[in-house]
Amino acid sequence: MSKHQQSPSKKIWNKFKKNKLAFGGMIFIGVLMVMGILGYLITPDHSPMANTMHLQLSNKKPGRTFQFLITSRNPDVEQVNLFTKMLKGQEPNFKSIPITSYRVKGDVIYAREYIGDEEQAEETVFPRFGGKQVYKQTFWLGTDMYGRDMLSRLIIGIRVSLSVGLAAVIISLTIGISLGALSGYFGGKVDAAISWFMNVVWSLPSLLLVIAISFALGKGFWQIFIAVGLSTWVDVARLVRGQVMALKEVEFVEASRALGFPTSRIIVKHILPNIAGPILVVASANFAAAIILESGLSFLGFGAQPPMPSWGGMIKENYGYIIMDAAYLAVLPGLAIMFTVYAFNLLAIGLRDAFDVKSQNVTV
């Protein structure tokens with residue numbers, strides 16, 4: 001197929017690929033999505049919420065490796081299948097402690113529990129039982145104040161940010177497209193009423209609006225989906241309203257009305273497909289805005305509740321260490337937020353250029 005015979009979607013894709021930054025942002029988002037889906041299968045800590053605590057290992061630097069001694073096993077813990085483990089994690093069937101040294105003598109193990117880099121504990125006797133009882137674990141990104149693995153919690157935190165962003169975008173698109181299309185197509189009193197409502201919501205600061213909705217719905221993971229989605233639909237509605245007002249007077253829409261097609265079919269089948277480009281651009285920008293809002297809410301305590309790992313919540317837990325020698329505890333989730341939002345903004349700009357909507361009412 002020659003260049004001049006390419007389909008519109010093929011032309012848009014080829015144009016998008018030429019924008020290296022936008023294409024890189026899309027790949028970065030794709031990698032995040034794969035990591036978020038695999039979840040507990042790729043985390044060093046497979047426990048639910050990556051919440052295995054070793055208080056002796058509080059605030060250990062990245063790259064530290066420790067030995068652990070399994071002190072007891074619980075055979076009653078159910079071993080879940082691979083799919084369930086990927087989604088929810090696997091409850092550990094043993095308890096372990098960090099140790100500095102050990103020696104085996106008969107049916108017992110003499111071990112020195114780790115109590116600090118500068119101190120050495122007395123030897124303690126532990127029973128010896130079948131299977132491997134001593135193992136090593138490397139904390140590649142260090143540990144937090146509770147001795148939990150930072151890498152595992154950052155990976156599981158991907159799910160929170162991307163799922164909130166996706167749910168918020170779906171909610172905002174559903175409300176925004178519906179109200180915007182009705183306002184733009186019917187005009188008159190319908191347009192005046194919907195536009196007044198949009199302006200009222202538009203005048204409220206997003207974070208305060210989300211906090212107010214969170215107060216009404218309560219704190220929690222699912223409530224944050226609704227709260228963020230209800231605060232980001234106005235951008236979509238304003239865009240769709242303007243696009244529908246411009247398209248409802250063109251020939252193919254007039255012909256559809258003359259043929260007696262119902263209004264719902266005209267809007268859904270003929271108008272909305274022609275403004276899909278600008279809608280995708282705003283959706284990408286709203287995804288980034290939703291991640292920032294969720295992080296801000298979690299930082300303020302209204303988002304995902306502990307022990308669920310959330311990037312904003314991790315910053316809240318560790319921001320006091322910024323002025324100490326453990327600033328990475330807050331910097332790492334902050335960098336995760338920054339790079340993810342930057343990737344979505346690059347994607348939005350790339351889509352804007354590919355769909356050639358610069359001259360339209362699209363703000364990125």
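The values are calculated or read from the model by the stated rules, or taken from the named source; none is laboratory data. Note that the coordinates shown come from a computational prediction; the quantities given were computed from them, not determined experimentally. Positions of Cβ are backbone-derived with ideal geometry, glycine not excepted, and every protein chain shown enters the neighbour counts. Heads up: the accessible areas ignore ligands, DNA and RNA and are worked out on the full protein's heavy atoms, side chains in. Shrake-Rupley method; radii C 1.70, N 1.55, O 1.52, S 1.80 Å.
Summing Lys and Arg as +1 and Asp and Glu as -1 over all other residues whose Cβ lies under 15 Å from the Cβ of V160 gives a net charge of +3. Working from label points 7 Å from Cα in the Cα-to-Cβ sense, the S9 to R128 distance is 6.5 nm. Of the listed values (1) 42; (2) 34; (3) 50, grab the one calculated as percent of Cα pairs over 31 Å apart from the structure here. The value matching this structure is (3).
Using only the alpha carbons of segment 238-364, what is the convex hull's orientation-averaged projected area in square nanometres? If I average the Cα hull's projected area over directions, I get 10.4 nm².
Here is the list for segment 258-358: trypsin sites (Lys or Arg not before Pro) lying in DSSP coil, each with at most 11 other C-beta atoms within 10 angstrom of its C-beta, are K358. Using a Gaussian network for the chain with springs between C-alpha atoms less than 10 Å apart, which of these wobbles most: W13, W233, W140? Taking springs between Cα atoms under 10 Å, the residue moving most is W13. You can think of it this way: the chain between Y319 and D356 has 9.1 nm of extra reach, that is 0.36 nm per residue less the Cα-Cα gap.
Based on the Cβ-Cβ distance from V200 to A276, what FRET efficiency comes out when R0 is 41 Å, to the nearest 0.05? The computed FRET efficiency comes out at 0.90. For the chain, the longest principal axis of the Cα atoms and the long axis of helix 233-247 meet at an angle of about 30 degrees. For the Cα trace of segment 183-266, dividing Rg by the Kirkwood Rh returns an Rg/Rh value of 1.14. Across all C-alpha atoms in segment 136-180, the radius of gyration and Dmax reach 17.5, 58 Å.
With each label modelled as a point 7 angstrom along the Cα→C-beta vector, the Y146-M33 pair spans 3.1 nm. Over segment 12-140, the pair-distance histogram of Cα-Cα distances with 5 Å bins from zero comes to 2, 9, 14, 15, 15, 13, 9, 7, 5, 4, 3, 2, 1, 1, 0 percent, rounded to whole numbers. With a 1.4 Å probe rolled over the protein heavy atoms of all chains, the accessible area of H270, H54 falls in the order H270, H54, largest first. Between 0 and 90 degrees, the angle of helix 20-38 with respect to the longest Cα principal axis of the chain falls at about 50 degrees.
At a probe radius of 1.4 angstrom, the accessible area of segment 189-294 per residue rounds to 49 square angstrom. Taking 0.36 nm per residue of separation and subtracting the Cα-Cα distance, what length does fully extending K219 through Q79 add? Fully extending the segment from K219 to Q79 adds 47.3 nm. Legend: calculated FRET efficiency, S264 to L208, from the Cβ-Cβ distance at R0 = 30 Å, rounded to 0.05, equals 0.25.
If you plug the beta carbon distance of T174 and S58 into 1/(1 + (r/R0)^6) with R0 = 41 Å, you get a FRET efficiency near 0.40. For the residues I171, I115, a 1.4 Å probe over the protein chains yields an accessible-area ranking, largest first, of I115, I171. With N counted as the residues of segment 1-51, its alpha-carbon radius of gyration over 2.2 N^0.38 Å works out to 1.85. Using only Cα atoms and rounding to the nearest 10 degrees, what angle (0 to 90) does helix 8-18 make with the longest principal axis of the chain? With rounding to tens, the tilt is 50 degrees. Which entries of K88/K136; K60/K136; K88/K316 have Cα-Cα distances beyond 18 Å here? The pairs that break the limit, which is 18 Å between Cα atoms, are K88/K136; K88/K316.
Computed over the alpha-carbon pairs of segment 229-288, the distance histogram in 5 Å steps reads 4, 17, 26, 21, 14, 10, 6, 2, 0 percent, short to long. Here the sum of -39500 (n - 2.57) over DSSP H runs of 4 or more residues, divided by the residues of the chain, equals -18000 deg cm²/dmol at 222 nm, to the nearest 500.
Once the gyration tensor of the Cα atoms in segment 310-352 is diagonalised, the equivalent ellipsoid follows with semi-axes of 28, 9, 5 Å, ordered largest first. Convex hull volume of the C-alpha atoms in segment 105-174, normalised per residue: 148 Å³. Figure note: S178, S310 ranked by solvent-accessible area, largest first, 1.4 Å probe, ligands and nucleic acids not counted: S178, S310.
Assuming charge only on the beta carbon of Lys and Arg (+1) and of Asp and Glu (-1), the dipole of the chain about its Cα centre is about 1180 debye to the nearest 20. Per residue, the convex hull spanned by the alpha carbons of segment 81-227 comes to 187 Å³. Measuring nothing but protein heavy atoms, the accessible surface of the chain at 1.4 Å probe radius is 63 percent carbon and sulfur.
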